[in-house]
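In what follows, a structure is listed as structure tokens, so that the remarks can point back to it.
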């Protein structure tokens, strides 16, 4: 079964064709980083305008890369939330129009839920969904807009354990990078510079790390970096980056692994843009190994926003008999519910 997925939740225009929920035939992503870089962040009006210009081309490129035509598509899926309303509208309406024209089922997909399952997509033993030896599993979705920790017992079966109380981890990376005069997006720049710095140089706080719950807070850490820079204008930027990054990673890894141990999980998965961070991957792998847990990390091309994860999750929703009405509207602030 070939599912065409469309993703326009923020500033990436993406289309993909995925066969039977696991085999990625194509995954085209058109980034708008260069468009938004001069502004230090995503400008919603520019994002939606670019989606409108690119979405048709990206969809046709995805079909061409998969060596298929519209006649070969069995289902059309698209992100309906969360995200920027003006961006979501483009992809959702285009996908609904295609489904109507092709007379094919349409499935709306929660962007965050799709991130949650993306680490399984390219694993040989995950062709039919999550292998039994990873469930129950702790899933950490960590990006510019979301930091969520959930207990997963199966596709469509998850319970939120904790989430950020203020800034998402990726948002903190971008804000600290801007504070240090680094270019947008800030996460990759901090990761790059941190490799040349001393991660123990500055004792930045590990907010809520030792709290009994699983929620996160990064606002205080961001403020701590601000005050440090003001008091130490000549400090090494590399040391600041390394120390800040270490603080974020310690909290993310510490909470995720503790949640796994306390909830009897067999694995920890991580997805979203921040999960690309090299230090995060290193520490999560080591921590999981130390506790006898399996670490599942999506490849880089599936960590950032992409349509392959949308099409893949749509397959499982269809398998369970769940399709969407063409009256489905965008849900910019939707959470991660069990019925999402």
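Only the coordinates and a few stated rules stand behind these numbers; no lab work does. Note that the coordinates shown come from a computational prediction; the quantities given were computed from them, not determined experimentally. Neighbour counts are summed over all protein chains in view; Cβ atoms, including those assigned to glycine, are modelled from backbone coordinates with ideal geometry.
Give, to the nearest whole percent, the P(r) tail of region 187-270 beyond 19 angstrom, counting all Cα pairs.
Of all Cα-Cα distances in region 187-270, 44 percent exceed 19 Å.
Rounded to the nearest 0.05, what FRET efficiency do residue 291 and residue 201 have when you use their Cβ-Cβ distance and R0 = 25 Å?
0.30
With a Förster radius of 35 Å, plug the Cβ-Cβ distance of residue 319 and residue 64 into 1/(1 + (r/R0)^6) and report the FRET value to the nearest 0.05.
0.80
Using the per-residue mean of other Cβ atoms lying within 10 Å as a proxy for protection, in what order, highest first, do the peptides 109-120, 144-155, 201-212, 5-16 fall? Before the final figure, lay out each step's value.
On the way: 109-120: 26.7, 144-155: 21.3, 201-212: 15.1, 5-16: 29.3.
Averaged packing, sorted descending, gives the order 5-16, 109-120, 144-155, 201-212.
Please report Rg over Rh for the chain, where both radii come from the alpha carbon positions and Rh follows the Kirkwood definition. Numbers along the way, then the final one.
Working: Rg = 19.8 Å, Rh = 20.3 Å.
On the Cα set of the chain, Rg over Rh gives 0.98.
If the viscosity is 0.890 mPa s and the temperature 25 °C, what Stokes-Einstein diffusion coefficient in µm²/s follows for region 181-231 when Rh is the Kirkwood radius over Cα pairs? The partial results should precede the final answer.
Details: Rh = 12.9 Å.
Once the numbers are plugged in, D ends up at 191 µm²/s.
Please compute the contact order of the chain in relative form: average sequence separation of alpha-carbon pairs under 8 Å and at least six residues apart, divided by the residue count, as a percent.
Once divided by the residue count of the chain, the mean separation gives 25 percent.
For residue 179 paired with residue 1, estimate the spin-label separation in nm (one decimal), with each label point 7 Å from Cα along the Cα-to-Cβ line.
So the two model labels end up 4.8 nm from each other.
Mind giving me the nanometre distance, one decimal, between the label points for residue 215 and residue 266, set 7 Å out from Cα along Cα→Cβ?
3.3 nm
Stretched out fully, how many nm does the piece from residue 104 to residue 326 gain, at 0.36 nm a residue minus the Cα gap?
Roughly 78.8 nm would be gained on extension.
Quick check on the chain: of the DSSP beta bridges with both residues there, what percent are antiparallel, nearest 5%?
Taking every DSSP beta bridge within the chain, about 60 percent pair in antiparallel fashion.
Quote to one decimal, in nm, the extra length available between residue 57 and residue 236 on full extension: 0.36 nm per residue of separation minus the C-alpha distance between them.
That works out to 60.0 nm of additional length.
May I have the extent of the alpha carbons of region 131-297 along their three principal axes, as whole Å values ordered from largest to smallest?
Largest first, region 131-297 extends 52, 27, 27 Å along its Cα principal axes.
If you wrap region 135-222's Cα atoms in a convex hull and average its projection over all directions, what's the area in nm²?
Here the figure is 7.0 nm², rounded to one decimal.
Could you work out the Kirkwood radius for region 144-185, taking every pair of different alpha carbons, averaging 1/r and inverting it, reported in Å?
Computed over region 144-185, the radius equals 11.9 Å.
Can you give the FRET efficiency for residue 45 and residue 278, using 1/(1 + (r/R0)^6), R0 = 30 Å, r = Cβ-Cβ distance, to the nearest 0.05?
0.35
Which percent, nearest 5, of DSSP beta bridges in region 131-297 are antiparallel?
Of those bridges, close to 55 percent are antiparallel.
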